[in-house]
Structure formats: C-alpha cells, structure tokens
1. Place the peptides 13-20, 37-44 in order of packing, highest mean first, counting for every residue the other Cβ atoms within 10 Å and averaging per peptide.
2. Once phi is turned into ³J(HN,Hα) by the Karplus curve 6.51 cos²θ - 1.76 cosθ + 1.60 with θ = phi - 60°, what whole-Hz value does each residue of region 8-16 show in order, with x for glycine and proline?
3. Quick one: which residues, 5+ away or cross-chain, put their amide H under 5 Å from the amide H of Val47? H built at 1.01 Å from N.
4. Report, by chain and number, residues whose modeled amide H sits under 5 Å from the one on Cys20, excluding near sequence neighbours (fewer than 5 apart, same chain).
5. Specify which labelled value, from (1) 7.2; (2) 4.7; (3) 5.6, agrees with mean projected area of the Cα convex hull in nm² derived from the coordinates of the model shown.
Amino acid sequence: MLAIDLLNENGNKFANYYYCNLQSGEYQEYLYHFMEQFDCNPSIYHVEDSWDNYFYMGQAIDSEYEHWLENNR
C-alpha cells in the first residue's frame, strides 16, 4: 500500500493523479489501464497474479509517469 510518507512530493502528486484522487475519492487512470488490458470478469480481483502481468503494468506505469513528468514540470 502506498502511503504519503513513503513518497516524495512528486511521487505523491503522481500517485494522486494516476491511482486515486484523495480529494474526490475517484479512481484515476490506473484502474482504466488495468481494465483495458486484462479480463476482469467477474472482477479485477480475478486477474491472474503472474510475472507477465506484473511486468506489463510496470511498463504502463513507467510510461504514464514519464508522460506525467513531461506535462507537470
């Protein structure tokens, strides 16, 4: 679990942008990327826990972070 005190200021801003908006409680881009990539039937909790899935999401998060950095400097 990510916690505010585990990330620096930029890390917290990105986490708030990409994972969950703490002010509104709405899920952000991460959940949409996850659901687009994987068969989430019957729920997101049924996606296989595999290294392939882990590496795919790692690349997606890295790419989104780079995009976010370019637009938030």
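1. Working: 13-20: 16.8, 37-44: 10.5.
Ranked from most to least packed, the peptides come out as 13-20, 37-44.
2. 7, 4, 5, x, 5, 5, 5, 4, 5
3. none
4. Residues meeting the criterion, in which the H sits 1.01 Å from N, are Gln28.
5. Computed from the coordinates, mean projected area of the Cα convex hull in nm² corresponds to (3).
Values in this text are rule-based calculations from the coordinates and carry no lab data. Note that the structure is predicted; figures quoted are calculated from it, not measured. Neighbour counts are summed over all protein chains in view; Cβ atoms, including those assigned to glycine, are modelled from backbone coordinates with ideal geometry.
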